[in-house]
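The values are calculated or read from the model by the stated rules, or taken from the named source; none is laboratory data. Quantities reported herein were computed from a predicted structural model and do not represent experimental measurements. Cβ atoms come from the backbone with ideal geometry, glycine included; neighbour counts cover every protein chain shown.
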């Protein structure tokens, strides 16, 4: 029996999120576990994180156990023959039997893509959040350091959890001229994220960019943990789980 | 009555091509003409070019005539309220009543995107042609100048036409590290293109990149116009109509 760390990419548009749910809902975990069963693996996959419906992943780690003899480097191809077009395996490696994709992740990185232009983009409609108006990118950039460090991020999150303390290591903004217009990319790297936290932070940062609130307003959200103080949640299609890192 | 030059972007994945066809087939022209009728324009739109099912456009020009009073700069927004998500207007300008989007185009530019990596990409599956193996990009780049100039391009095209002579002004290759892997972008700018010509050229260039044929083999295709001498057609999802230019 080997424990395998598998990286997968997916287009979240056609999934009701990552996590297996009640029958009838198409999920990333559900589709992956079907393919795992078919190659003789134990049909239980544990992900590094959780993504909501419409959210994408460039490289989401999963672990699972494999009793069979298939060489580790052949696993992605074997799975890809079975997986749907919107979910594919990128790589596989053997890890110690105690490895855990969620508990052992030392950092997670998310990307949020904004598209700034006068009209919506057919080509990026499921890949970025289209915003019409101008944004004060400098104000947004100056707000990012306020989010860094260890804080209670509950004020940005979607769900009530007992413990909202997380650490944000990096928050970065990049502006670039994409194929269809000006793109703003926000990168967030932290030890762990609450459900909805990145979308809540992005929604609030966009309000700063629109001049609707000062950057200092972030402080009260972090101090009180009150969701009503933050901006609305940014839509799912702009969000990407980029990667998780492990000490391996 | 004003003649309007409209630029539209579309995701070709859900269309049976640009050109209006028999009832029941969803086309770019068909959807646009429905929206035009609804804003009081004459429901006939003439495009600068023709794209097949699955082929995208970053900015396809159309012309149409508008009797009503709606200000020209309001046209894109008015149309976008009616157009589907995968087809949106980008801009509108008034042009002389004799302007013709197809006949007056002085140049057209196409882009073809290749994705080179070991496994298929869910996020780019409808946006690029995934190729597994390595490609000799230098060999491909060195082959491009052979295509430049005025030639009979029938050997790359899909359809028999009487006259296959076209002029290619520019052929360029760019390699870049994209979000999900190495992308190779091929740009072609010419006065006009035959149906299937770009996909035929790309399929043949990929054979050169794979070492299956020498770059000199392009010469015989251009000299004889024989389709069987060229490589297979590259798939539609990697192709983008970028723009057409006019003397205006």
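General observations
- Scanning the range B:97-124 for residues that are touching a residue at least 60 places away in the same chain (Cβ under 8 Å), in contact with a helix residue (DSSP H, G or I) (Cβ under 7 Å, 6 or more places away or on another chain) and within 14 Å of another protein chain (Cβ to nearest Cβ) gives B:110, B:112, B:113.
- Odd one out for residue B:234 among (1) part of a loop (DSSP other than H, G, I, E, B); (2) surrounded by fewer than 22 Cβ atoms within 10 Å (Cβ to Cβ): (2)
Conditions tested, residue by residue: (1) within 14 Å of chain B (Cβ to nearest Cβ); (2) under 22 Å from residue A:244 (Cα atoms); (3) part of a loop (DSSP other than H, G, I, E, B); (4) over 17 Å from the mean Cα position of the chain (by Cα).
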| site | (1), (2), (3), (4) |
| --- | --- |
| A:31 | yes, yes, no, yes |
| A:36 | no, yes, no, yes |
| A:40 | no, no, yes, yes |
| A:49 | no, yes, yes, no |
| A:60 | yes, yes, no, no |
| A:64 | no, yes, no, yes |
| A:75 | yes, yes, no, yes |
| A:78 | yes, no, no, yes |
| A:84 | yes, no, yes, yes |
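- Per-region count, the range A:206-220, residues in contact with a strand residue (DSSP E or B) (Cβ under 9 Å, 6 or more places away or on another chain) and surrounded by 19 or more Cβ atoms within 10 Å (Cβ to Cβ): 2
Each row is one residue, and each column tells you yes or no for (1) in contact (Cβ under 8 Å) with a residue 12 or more places away in the chain; (2) in contact with a strand residue (DSSP E or B) (Cβ under 8 Å, 6 or more places away or on another chain); (3) in a strand (DSSP E or B).
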| site | (1), (2), (3) |
| --- | --- |
| B:150 | yes, yes, yes |
| B:158 | yes, no, no |
| B:162 | no, no, no |
| B:168 | yes, yes, yes |
| B:177 | no, yes, yes |
| B:183 | yes, yes, yes |
| B:189 | yes, yes, yes |
| B:199 | yes, yes, no |
| B:204 | yes, no, no |
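- Matching residues in the range A:17-71 - criterion: being without any contact (Cβ under 8 Å) to a residue 24 or more places away in the chain and in contact with a helix residue (DSSP H, G or I) (Cβ under 6 Å, 6 or more places away or on another chain): A:20, A:43
- Residues located in the range B:125-148, provided they are part of a helix (DSSP H, G or I) and either free of Cβ contacts under 8 Å to residues at least 60 places away in the same chain or within 14 Å of chain A (Cβ to nearest Cβ) (or both): B:138, B:141, B:145
- Residue check, residue B:195 closer than 30 Å to residue B:93 by Cβ and assigned to a loop (DSSP other than H, G, I, E, B): yes
Conditions (1) in the same structural domain as residue B:86 (by TED's automatic domain parsing); (2) over 23 Å from residue B:105 (Cα atoms); (3) in contact with a strand residue (DSSP E or B) (Cβ under 6 Å, 6 or more places away or on another chain), marked per residue:
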{"position": "B:6", "(1), (2), (3)": "yes, no, yes"}
{"position": "B:13", "(1), (2), (3)": "yes, yes, no"}
{"position": "B:30", "(1), (2), (3)": "yes, no, no"}
{"position": "B:34", "(1), (2), (3)": "yes, yes, no"}
{"position": "B:60", "(1), (2), (3)": "yes, no, yes"}
{"position": "B:65", "(1), (2), (3)": "yes, no, yes"}
